[in-house]
Amino acid sequence: MQHPYKTPLWKIFLRNILTSKINIFALSIVCISCLIALCAATGILANQWDVSISDSHTPPSLQHICGTDILGRSVLDKLIKGTEVAMSTGFFVATLSIIIGVVLGVLAGYFGGIVDTCVVWLYSTITSIPNIMLLLSLTFILGKGIVAIYISLGVTMWVGICRLIRGEVIKHKNREYILAASAIGASHFRKLWYHLLPNIWHIIIIQFALIFQVAIKSEVMLSYLGLGIQNSPSWGTMIDEAKTELIRGIWWPFTFATLAMFLIVLAFNLLSDTLRDTLDPKLKKK
Amino acid sequence: MLSVKNLVTTFQTRQGSIKAVDNISFDLPKGSTLGIVGESGSGKSVTALSIMRLIPKDTGKILQGDIIFNGQNITTLTESGMRGMRGNKISMIFQEPMTSLNPVFTVGNQIQETLILHQQLSLQQAQKKAIELLQMVGIPSPEKRIKDYPHHLSGGMRQRVMIAIALACKPDILIADEPTTALDVTIQAQILDLLKNLQKELAMSIIMITHDLGVVAEFCDDVAVMYCGKIIEKAPIHQIFAQPQHPYTQGLIKSIPTFHPEKSHEQRLSTIPGTLPPFHEIPSGCSFQNRCQYAQEACKGLQGTPPLALAAQAHWAACFYPLHPKTHQD
Ligand SMILES: Nc1ncnc2c1ncn2[C@@H]1O[C@H](COP(=O)(O)OP(=O)(O)OP(=O)(O)O)[C@@H](O)[C@H]1O
Ligand SMILES: [Mg+2]
């Protein structure tokens, strides 16, 4: 069966982005970071990051824009490699938690009853455990490494979106248009997929952007605590190493890593605001 | 065409189980219009939803009764069989045109959906048909309008769109649950006219649910008056206005505002005293006894609930003391 609905919302989104300088800035940051991450992942950029190119702790200069670290490795290359880690963490964690959160939230909200009870019990249990302890125990179980980070962040961060989606679904399923959809003979699947979900897409997309940046921050935090990535540089480990470096006046690895994180988190926050302005049907009517 | 027999629909509530529809029966011949009137909460919508089999499953259920549509008992139909029925053979329009359309899709999309669901039309065919349908319900420049979102349209326009959706597959029965309550009076009249014309054109039967006896007088062939989930009076339209049998019906008719300027100071609008009792406090015997000026001992439960009995020709009333009894003998 053909999909009868085509709404070019992305056009409105692009228009909203392009009419404000700050949004253009945010979108460029995100695009550039994606590009850097892809290039780093495919080995086009920074594939020599672990090779010593100069003396230990060379300050930034024209030759080495961001200076070098304790082993004489380029901080710029490490930042680029760190971008790959950050962006992939953001992407996989956001995807995983959105999938879990949306599926559970929709099922709980739409079907109610025992399904709802189970889902609510599950997320109440998860929220009742302090997040950091949950993360720590999960990384202990899964071992260290990037995949462990994806999974442990993913399975802890779906709670917020699940709760949100459940509430929205409960709100929408009692709206008359859903009843009207039943009255023309739509199935449960059709009501959920074609009628209800498009009304809450904006929440999912906005949450994706928000979780993306929270995941980046969390990865930095976990790596800072020594639970993160082991054999690839991450902004978190760079900030962690700065604990001993800063006191000796070696400011550059810390500064650049923090700056990179600041920029990307800021950009995602700005974008999610624009997304909300574009997508929320309540605001769209203006 | 449609015949409902001894339908009982119950809901689980905190006060226990209530019979929102209590043992009602009626027939709807082909091409005719049945009005269902009653106060808010008397079970009109639940009756409609029962026929559509859209009673919310978590709290409600059709406890007993048969709904025979074209010789087929739809209470025993499978869920997928029922889906093929809804919007195709039996359609429904709702009270609130403002919220019955999905805010994120164009009206064209929403009309096409019914066609695609039931008639396996291609997108282009459905689009063409959608334009025709909008034309049929009297929306000007339909080629442009199909690209509009619901919030671009006024309430009357939206109700026309709802009608277009409901009639897209030329159903045999249209259930209209207070289709004009949310609209202002002039638009109301237009919508009713439209429905009447379309009814002739498509030869369909209509169940018109309303609490407005004026609408019933203009629109229906027969009326069923509901009170506390029961049908308490059922008769052809002219009879019910001329000789109401049940005191409740009489009260309803008396409370229709009439315009007689010369008498306005002597005649005050009459109202029925009291309110509909909550379902768990319905008295035994006649459920109207506490508000009835004619109530007597027999109404208070000793003789059970008054059954819906023939009080005059083709005129049924559930009252021990009908106001204008006329048996076959006289
Ligand atoms: N989903 C439900 N759960 C529990 N009780 C319900 C439900 N739907 C309806 N009822 C009960 O059924 C009774 C009849 O409701 P119904 O909606 O049929 O009234 P109505 O005659 O259509 O009134 P109105 O004119 O306000 O639309 C109500 O008093 C309500 O308590
Ligand atoms: Mg109703």
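When Cβ neighbours within 10 Å are restricted to other protein chains, what is their mean count per residue of peptide B:113-124?
3
Using alpha carbons only, how many angstrom separate the centre of the range A:204-281 from the centre of the range A:141-185?
The two parts, judged by their Cα centres, are 24 Å apart.
Modelled label-to-label distance, A:Thr125 and B:Lys147, 7 Å Cα→beta-carbon offset: nm?
5.3
If you stretched the chain out fully between A:Leu266 and A:Val147, how much longer would it get, using 0.36 nm times the residue separation minus the C-alpha to C-alpha distance?
So the extension gain works out to 40.3 nm.
Would you please put B:107-116, B:73-82 in order of how densely packed they are, using the mean number of other Cβ atoms within 10 angstrom per residue and starting with the highest?
Highest to lowest by the protection proxy: B:107-116, B:73-82.
Just subtract the alpha-carbon distance of A:Leu259 and A:Ile65 from 0.36 nm times their residue separation and send over the number in nm, one decimal.
Difference between extended and current length: 68.4 nm.
Given the convex hull over the Cα atoms of the range A:168-252, what projected area results after averaging over all orientations, in nm²?
Average projection, Cα convex hull of the range A:168-252: 8.7 nm².
In whole Hz, what ³J(HN,Hα) sequence does the range B:139-144 give by Karplus (6.51, -1.76, 1.60; θ = phi - 60°), x for Gly and Pro?
Along the range B:139-144, the couplings run 9, x, 5, x, 4, 7 Hz.
For chain B, modelled as a Gaussian network with Cα springs under 10 Å, which listed residue fluctuates most, B:Gly84, B:Gly43, B:Gly31?
With Cα springs under 10 Å in chain B, the top fluctuation among B:Gly84, B:Gly43, B:Gly31 is at B:Gly84.
Please list, by residue number, every one of the trypsin sites (Lys or Arg not before Pro) in the range A:63-160 that is coil in DSSP and has at most 10 other beta-carbon atoms within 10 Å.
none
Using a ≥ b ≥ c from the Cα gyration tensor of the range B:107-234 (square roots of the eigenvalues), is it rounded, prolate or oblate, where a/c under 1.5 gives rounded and otherwise the larger of a/b and b/c decides, a/b for prolate?
Here the range B:107-234 falls in the prolate category.
What's the magnitude of the charge dipole for the protein assembly as shown around its Cα centre, counting Lys and Arg as +1 and Asp and Glu as -1 at the beta-carbon? Answer in Debye, nearest 20.
Roughly 420 debye, rounded to the nearest 20.
Output the 0 to 90 degree angle, nearest 10, between the alpha-carbon long axis of helix A:252-279 and the longest principal axis computed from the alpha carbons of chain A.
20
Roughly how crowded by other chains is peptide A:64-74, in terms of the mean Cβ count from those chains within 10 Å of each of its Cβ atoms?
Going residue by residue through A:64-74 and averaging, the value is 0.
Can you work out the accessible area per residue across the range B:1-160, with the rest of the protein chains kept in place, probe 1.4 Å, in square angstrom?
Per-residue value: 42 Å².
Which percent of the accessible area of the protein assembly as shown is formed by carbon and sulfur heavy atoms (probe 1.4 angstrom)?
Accessible surface attributable to carbon and sulfur in the protein assembly as shown totals 61 percent.
Using the Kirkwood formula over every pair of different C-alpha atoms, what hydrodynamic radius in Å results for the range B:176-309?
17.0
Show log10 I(q)/I(0) for the range A:111-229 at q = 0.15, 0.18, 0.22 Å⁻¹, two decimals, from a solvent-free Debye sum over equal Cα scatterers.
Relative scattering, expressed as log10 I(q)/I(0), comes to -0.79, -0.97, -1.20.
Counting alpha carbon pairs within less than 8 Å and at least 6 residues apart, what relative contact order, in whole percent, applies to chain B?
19
Please say if the range B:4-76 is rounded, prolate or oblate, where rounded means a/c under 1.5 for a ≥ b ≥ c the square roots of the C-alpha gyration tensor eigenvalues, and otherwise the choice is prolate for a/b larger than b/c and oblate otherwise?
Judged from the Cα gyration tensor, the range B:4-76 comes out oblate (a/c at least 1.5, b/c at or above a/b).
Over chain B, what number does the Rg to Rh ratio reach, with both radii from the alpha-carbon atoms and Rh per Kirkwood?
A ratio of 0.99.
Could you order the peptides A:269-277, B:138-146, B:223-231 from most to least packed, using the average number of other C-beta atoms within 10 Å per residue?
For the peptides A:269-277, B:138-146, B:223-231, the packing ranking is B:223-231, A:269-277, B:138-146.
Please provide three numbers in whole Å: the alpha-carbon extents of the range A:55-162 along the principal axes, with the largest listed first.
65, 24, 18
What does the extension gain come out to for B:Leu77 and B:Thr181, with contour length at 0.36 nm per residue minus their alpha carbon separation?
Taking 0.36 nm per residue and subtracting the Cα distance, the gain is 34.2 nm.
How far apart, in nanometres, would the label points at B:Asp27 and B:Glu201 be if each is projected 7 angstrom from Cα along the Cα-to-Cβ direction?
Those two pseudo-labels are separated by 3.0 nm.
Within the P(r) computed for the range B:155-198, what percentage of the Cα pairs occupies the region above 17 Å?
Tail fraction, whole percent: 23.
So which of B:Lys147/B:Lys170; B:Lys57/B:Lys129; B:Lys230/B:Lys326; B:Lys30/B:Lys147; B:Lys89/B:Lys254; B:Lys44/B:Lys196 end up more than 28 Å apart, counting from Cα to Cα?
From the list (B:Lys147/B:Lys170; B:Lys57/B:Lys129; B:Lys230/B:Lys326; B:Lys30/B:Lys147; B:Lys89/B:Lys254; B:Lys44/B:Lys196), the Cα-Cα distance tops 28 Å for B:Lys57/B:Lys129; B:Lys30/B:Lys147; B:Lys89/B:Lys254.
Stokes-Einstein at 10 °C, 1.306 mPa s, Kirkwood radius from Cα pairs: D for the range B:1-138 in µm² s⁻¹?
Stokes-Einstein gives a translational diffusion coefficient of 93 µm²/s.
To the nearest 10 degrees, how steeply does helix B:123-136 sit against the main Cα axis of chain B, on a 0 to 90 scale?
50
Can you list the equivalent-ellipsoid semi-axes of the protein assembly as shown, largest first and in whole Å, using the square root of 5 times each Cα gyration tensor eigenvalue?
Over the Cα atoms of the protein assembly as shown, the ellipsoid semi-axes are 67, 26, 20 Å.
Take every Cα pair under 8 Å in chain A that's 6+ residues apart, average their separations, divide by the length, and report that relative contact order as a whole percent.
RCO, chain A: 25 percent.
If you check each cysteine of the protein assembly as shown for another cysteine whose beta-carbon is under 4.7 Å away, which ones come up empty?
A:Cys31, A:Cys34, A:Cys39, A:Cys66, A:Cys118, A:Cys162, B:Cys169, B:Cys220, B:Cys228, B:Cys292, B:Cys319
If you place +1 on the Cβ of every Lys and Arg and -1 on the Cβ of every Asp and Glu, how big does the dipole about the Cα centre of chain B come out, in debye to the nearest 20?
Dipole magnitude for chain B comes out near 580 debye.
Could you compute how much accessible area chains A and B hide from each other, both sides summed, with a 1.4 Å probe? Nearest 100 Å² is fine.
Counting both chains, the buried surface is close to 2400 Å².
With only alpha-carbon atoms in the gyration tensor, what are the semi-axes of the equivalent ellipsoid for chain A, in Å, largest first?
Equivalent-ellipsoid dimensions as semi-axes: 41, 23, 14 Å.
The values are calculated or read from the model by the stated rules, or taken from the named source; none is laboratory data. Fair warning: this is a prediction, and the values are worked out from it, not measured in the lab. Positions of Cβ are backbone-derived with ideal geometry, glycine not excepted, and every protein chain shown enters the neighbour counts. All accessible areas refer to the heavy atoms of the entire protein, side chains included, with ligands and DNA or RNA removed. Shrake-Rupley method; radii C 1.70, N 1.55, O 1.52, S 1.80 Å.
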